[in-house]
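Bear in mind these aren't lab numbers, they're just calculated from the coordinates by the rules spelled out. Owing to the predicted nature of the structure, the values given are computational and were not obtained by experimental measurement. Neighbour counts are summed over all protein chains in view; Cβ atoms, including those assigned to glycine, are modelled from backbone coordinates with ideal geometry.
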């Protein structure tokens, strides 16, 4: 057990429980936001775990989650757009907080590791994570209109 | 002490599985299932199985929700086109 | 007319080349050790990605 | 701690079974089946875990420098996740056919239709 | 009726729970030191210069089992194609293109090639780092569907000639079988990894036939997922019943 794993435990426990609460209760708008925040909650934890276990190859998991998590949210934003039409869900404070968390974790890991290819990979993952998170939030907040046919 | 992480993630997975079963509306269940998929990937990482975690991420985060949501949409569309006057 | 087609071809080649370079660079970031076979595989995967990127952009209707 | 992961796997499996048996919507039932499947993954990986071990992937570490967990159960689980997703798709296709033929996807109403 | 079922479920569930708990208590302890199969698998994998033991188990030591998994996958896709084909009383309606916000569209077009490249990376490095054909194939197939999510279904249809993917699916299965049979022709067993030199440890060409089988599975899974999703999308977006036939109760949800 080192500091990285401890950080991952706290992060995963706190954000995971909050996301679970959000995704199971409340109106559909709140649930999709919580689903979107799952990505930004778990992806930094995966990065921290890769560092804590001392296995750079585990970073691939975070890369895949940063790529596919927003895609999963787009699925819901698109196919639930009828249900979400009434109250376009947006929680920009939460979204920016999640983005800041991702950025903080990526910066911490970059500082801790030796500069090199792995650092660039971390930065790419961070960019994908934050960009994907913001775009998915935008898509939820009325990104799809008039998709009744398509 | 490193067991703490395992216990936390295991309990979260169990709670998410219960929630996924308890949601009776398939669209809401798909939301919980996608959450469960990502959480399972984290659990597999904790259990030192990154290959399995990758597999679960690839399938659970986007593919399974897409399949379920498309089925829900098809069933709803059938209902609408029958009830509607068109 | 020929000037226009030549220009279109040049633009297409430029777009493909830009995508290819970006994706090949990304491949080099993803991998850990570099050797000849790795470069060949990376270059061909980046080419596939570049083709898909252009095909996708052309398939989408912008309004 | 010695049996907790196994018990949680059993709990997830039973929860999924409960959902399957009481489901009023076939799409929901397919989702419950996915939950049951995930219980088997948890069980298998828990059986293969070793305290202080790491993944038997030697691209970024020297073989023999650290204890490793069991790769055989991981290989079993890994293929089953992807194949399980396509089987889920097959079940969903069956549900769509049922919806088309009978106009309902409630198992109880389907039984009444059968007479 | 319903009550009887609930009682039956409770009794059966309680019995099953008791049996499962009894079984759990007799299992070897979580995190135990004894993994005889695992240790042997790691040893065999290292002797064949495959850095990722899981890939070695999947595509070398238990390649025959993977053949079975692959045929389940193939059969499931075939079943979906048959079940979801356009029936006689159905027609195709062209969906109107969706109005998608510009940033979402741009994001989809940008991430599409990046996700494809990542999928190919995961496939190609399956025998070295975590990953492999099963995972990478799904990622590559998901990447393609960003075009549907970020734009509209017509855009996806334009870059997705379905026949090509169906052919690729079958070709990949055939390639796996041919690679297996090549072992027989070379004088050893079906799917035995004795055909090619094992190469240098931790390089792309290491592991004998493992990378080739891995690539075949990657192609198979990617095209299978594309074909599957194509039929589901067809049903959800395009195919409609011609109204007027069966008008009795429509009970959804």
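Here, chain D has an Rg and a Dmax of 19.4, 66 Å when only alpha carbons are counted.
Is segment E:1-124 rounded, prolate or oblate when judged by the Cα gyration tensor, a ≥ b ≥ c being the square roots of its eigenvalues, rounded requiring a/c under 1.5 and prolate requiring a/b larger than b/c?
Details: a/c = 2.10, a/b = 1.18, b/c = 1.78.
Judged from the Cα gyration tensor, segment E:1-124 comes out oblate (a/c at least 1.5, b/c at or above a/b).
For segment D:74-115, what percent of Cα pairs sit more than 12 Å apart?
Values: 570 of 861 pairs.
Counting pairs separated by more than 12 Å, the tail of P(r) holds 66 percent.
Put in line by how crowded their Cβ is, counting other Cβ atoms within 10 Å and starting with the fewest, E:125, E:35, D:102 read D:102, E:35, E:125.
Relative contact order of chain E: what whole-number percent is it, with Cα pairs under 8 angstrom and at least 6 residues apart?
25
Taking every DSSP beta bridge that has both ends in the protein assembly as shown, the antiparallel portion is near 65%.
Judged by the ratio a/c of the largest to the smallest principal axis of the C-alpha gyration tensor, segment A:84-124 counts as prolate, that ratio being 1.5 or greater while a/b is larger than b/c.
Alpha-carbon geometry of segment D:1-58: the Rg and the Dmax are 14.5, 48 Å, given in that order.
Could you tell me the relative contact order of chain B? Use alpha-carbon pairs under 8 Å, at least six residues apart, and round to a whole percent. Mind showing how you got there, number by number?
Values: 66 pairs, mean separation 23.5, N = 86.
For chain B, the relative contact order is 27 percent.
Model label points for residue C:12 and residue E:178, set 7 angstrom from Cα along the Cα-to-Cβ axis, are 3.1 nm apart. With all pairs of different C-alpha atoms in the average, the Kirkwood value for the hydrodynamic radius of chain C is 13.1 Å.
Each part reduced to its alpha carbon centroid, segment B:1-70 and segment A:6-35 end up 12 Å apart. Cα centroid separation, segment C:9-41 to segment E:177-192: 35 Å.
What shape does the protein assembly as shown have by the C-alpha gyration tensor, where a ≥ b ≥ c are the square roots of the eigenvalues, rounded means a/c under 1.5, and otherwise prolate means a/b greater than b/c and oblate the rest?
Numbers: a/c = 1.35, a/b = 1.10, b/c = 1.23.
Rounded, because the longest to shortest axis ratio a/c is under 1.5.
For an R0 of 51 angstrom, estimate the FRET efficiency from the Cβ-Cβ distance between residue E:82 and residue A:114 and round to the nearest 0.05. The computed FRET efficiency comes out at 0.40. In nm, to one decimal, how far is the residue A:85 label point from the residue A:30 one, both placed 7 Å along Cα→Cβ? For the pair residue A:85/residue A:30, the computed spacing is 2.4 nm.
Roughly what % of Cα-Cα distances in chain E sit above 23 Å, to the whole percent?
Details: 20842 of 31878 pairs.
In whole percent, the share of Cα-Cα pairs in chain E beyond 23 Å is 65.
Relative contact order (percent) for chain D, with alpha-carbon contacts under 8 angstrom and 6 or more residues of separation? Here the relative contact order equals 27 percent.
Once the Cα atoms are used to define both axes, helix E:133-144 deviates from the longest principal axis of chain E by about 30 degrees.
Placing a pseudo-label 7 Å from each Cα along the Cα-to-Cβ vector at residue D:101 and residue C:33 gives an inter-label distance of 5.7 nm. Distance between the C-alpha centres of segment E:56-110 and segment A:75-105: 27 Å, rounded to the whole angstrom. Pairing the Cα long axis of helix D:26-48 with the longest principal axis of chain D, what angle in degrees results, from 0 to 90 and rounded to the nearest 10? With both axes taken from Cα atoms, the answer is about 20 degrees. Computed per residue of the protein assembly as shown from DSSP H runs no shorter than four, each worth -39500 (n - 2.57), the mean residue ellipticity at 222 nm is -24500 deg cm²/dmol. The three principal axes of the Cα atoms in segment A:3-140 give end-to-end lengths of 49, 25, 22 Å, sorted in falling order.
With bins 5 Å wide starting at 0, give me the P(r) of segment E:95-136 over every alpha carbon pair, in whole percents. All Cα pairs, binned at 5 Å, distribute as 6, 22, 17, 14, 12, 11, 10, 6, 2, 0 percent. Relative to the longest principal axis of the Cα atoms of chain C, the long axis of helix C:36-59 makes an angle of roughly 30 degrees.
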